[in-house]
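What follows is one structure encoded as structure tokens, with my remarks underneath.
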Amino acid sequence: MLEFQEKKKLRNILYSKITLIALFIILIFIARATLSVYHKQKTSKGNLNKAQEEIAELKKREKMLNYEIDRLKTDRGTEEEIRKKFMVGKAGEQVIVIVDDNKTNKNNAAGDNEEKSIWSKFLNLFK
């Protein structure tokens with residue numbers, strides 16, 4: 001009988017309101033900590049994806065820069081870069097300028113229409 005009373009006393013303590021409230025508060029702290037870890041994991045995953053994209057972009061850029069370095073190591077590549085940057089040529093070379101007549105005529109025609117005033121356009125309607 002004593003054993004039964006001890007079990008009943010233990011059950012009363014475990015199922016008391018104070019014990020249930022304490023367990024509920026502990027459960028809230030555990031859930032809050034779990035959500036915090038979940039959000040941190042989600043943020044870390046996003047940062048990892050960004051870092052991987054950045055690494056891929058940097059590797060691509062490194063490959064392009066290595067190609068440019070290899071090109072500039074040759075005489076022809078160096079010459080092309082000098083011509084591009086400083087607009088120079090070798091002795092005896094000449095510059096040929098090609099002008100597109102269609103673009104020039106279109107630009108002049110558009111400019112003529114813009115230069116006419118509204119009054120002259122109105123008078124041209126009756127001519």
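Read-outs: derived from the displayed coordinates by stated rules, not from any lab. Computed from a prediction, not measured in an experiment: that's the story for all the values here. Positions of Cβ are generated from backbone atoms using ideal geometry, with glycine treated the same way; all protein chains shown enter the neighbour counts.
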May I ask you to derive the FRET efficiency for ASN102 and ASN124 from their Cβ-Cβ distance with R0 = 22 Å, giving the value to the nearest 0.05?
0.30
Let me have the 222 nm mean residue ellipticity of the chain computed from DSSP H runs of 4+ only, each contributing -39500 (n - 2.57), with the sum over all residues rounded to the nearest 500.
-28500 deg cm²/dmol
At 7 Å along the Cα-to-beta-carbon direction for both VAL88 and ILE18, put a label point, then send me their distance in nm to one decimal.
9.4
Determine the equivalent ellipsoid of the chain by diagonalising the alpha-carbon gyration tensor, then write out the semi-axes as square roots of 5 times the eigenvalues, largest first, rounded to whole Å.
85, 37, 8
